[in-house]
1. Along the charge dipole of segment 54-200, pointing to its positive end and built from +1/-1 on Cβ of Lys, Arg, Asp and Glu, which listed residue (A197, F111, G96) has its Cα farthest out?
2. Please give me the summed charge of the neighbours of D59: other residues whose Cβ is under 11 Å from its Cβ, Lys and Arg +1, Asp and Glu -1.
3. Could you please rank S147, S46, S117, placing first whichever residue has the fewest other Cβ atoms within 10 Å of its Cβ?
4. Using 0.36 nm per residue, how much length does the chain from V165 to V199 gain when fully extended, once their Cα-Cα distance is taken away?
5. Tell me whether segment 84-180 comes out rounded, prolate or oblate; compute the Cα gyration tensor, take square roots of the eigenvalues as a ≥ b ≥ c, and use a/c under 1.5 as the rounded threshold.
6. From the backbone phi of segment 189-203, what are the Karplus-calculated ³J(HN,Hα) couplings (6.51 cos²θ - 1.76 cosθ + 1.60, θ = phi - 60°) in whole Hz, Gly and Pro given as x?
7. Counting other beta carbons within 10 Å of each Cβ, put E162, E156, E100 in order, fewest first.
8. Based on the Cβ-Cβ distance of W40 and N13, what FRET efficiency does E = 1/(1 + (r/R0)^6) give at R0 = 25 Å, to the nearest 0.05?
Amino acid sequence: MNIREEFSAGIQNTRDSLYDVYTMDLVPGRLVPGDQNVKWVVDKVSDKLQPENKVWLDDDNIGAETVSMFGASDPALGVENFKTMFDRVDGNMFDGIVQEGNKQKRIFAPFSTYMPSALWPWQRSDGGRYTVHDFAEKDLPLSEDLSKTVAMIVQEDLDIDEDGVADWGGLPMFRFWGDPLLGLPTTVLIAGLMFGAAVTFPSWGPIVARKALPI
Ligand SMILES: [Ca+2]
C-alpha cells in the first residue's frame with residue numbers, strides 16, 4: 001500500500017467513525033425521549049438554524065476562458081492577449097460574487113483568471129479551463145447527513161449551485177482560499193525552478209555573462 005492509498009484509507013476510516021458516532025443510539029430517557037440518536041438531535045437543531053441561502057455567481061465579463069496561447073497566424077492574436085485582458089479587467093484580482101441575501105462578496109480569483117494556459121494544470125472534461133468556479137460547484141465528498149451537520153456547525157449554506165448536494169464553494173472563506181489552492185501546484189513549480197536557478201547560478205551565471213556581454 002503506497003502513501004496515497006494509506007492516506008485515502010485513513011480518511012475513509014475517519015469518515016466511517018464519524019458516521020458511526022453520528023448514527024449511534026443515545027441512551028433512552030436520559031438526554032432525549034425514546035430511541036434517538038445524534039442525527040435526530042442534529043435534525044431538530046438544524047431545523048431551527050437554517051443558514052441563509054447562498055448563491056455563487058461567475059462574472060461573464062472577467063474570464064479565464066480567454067486565457068490561451070495563440071500562434072502567430074491565429075486570427076485571435078491581437079484581439080485578446082495577456083496585456084489587453086489585463087487592461088480590460090483593469091488588473092482586477094476578483095471574478096464573480098457570492099450572493100447571500102442582500103450581501104455581495106467578491107470572489108478572489110487571480111490564478112484562475114491570469115495564469116497562462118501552458119502553466120495551468122487543471123482542465124475540465126470538455127477540454128475547457130477548470131477554474132475556481134468549477135471547483136466551487138464540485139460536490140463535497142460527504143454524505144447528505146454529514147453535509148447537513150457541517151452546514152449547521154459552520155452556519156453556511158453549502159449547496160451553492162442549488163442541486164441539493166453540498167459543494168466545496170459553500171465552505172467558509174472558500175472565495176479566498178479556493179483559487180490560491182488551485183494555483184498552488186504552479187506556484188510551487190515556479191518557486192522550485194527559481195530556487196534551482198538561484199542555487200546553481202554560480203556554476204552557469206558567469207559563463208552566460210561572458211557569452212552575452214561584450215567584455
Ligand atoms: Ca450543489
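1. Working it through, the farthest residue towards the positive pole turns out to be A197.
2. Numbers: positive: R106; negative: D58, D60, D95.
Once positives and negatives cancel, what remains is -2.
3. Values: S147 20, S46 15, S117 11.
Listing S147, S46, S117 from fewest to most nearby Cβ atoms yields S117, S46, S147.
4. 7.4 nm
5. Details: a/c = 2.72, a/b = 1.59, b/c = 1.71.
Oblate, because a/c is 1.5 or more while a/b does not exceed b/c.
6. 3J(HN,Hα) across segment 189-203, in whole Hz: 4, 5, 4, x, 5, 5, 5, x, 5, 5, 6, 9, 3, x, 7.
7. Details: E162 12, E156 20, E100 16.
Going from least to most buried by this count: E162, E100, E156.
8. Working: r = 25 Å, r/R0 = 0.98.
According to the calculation, E is roughly 0.50.
Rule-based calculations on the coordinates, nothing more; no lab input. The structure presented is a predicted model; accordingly, all values stated were derived computationally and were not measured. Here Cβ is always computed from backbone atoms with ideal geometry, including for glycine, and neighbour counts include all displayed protein chains.
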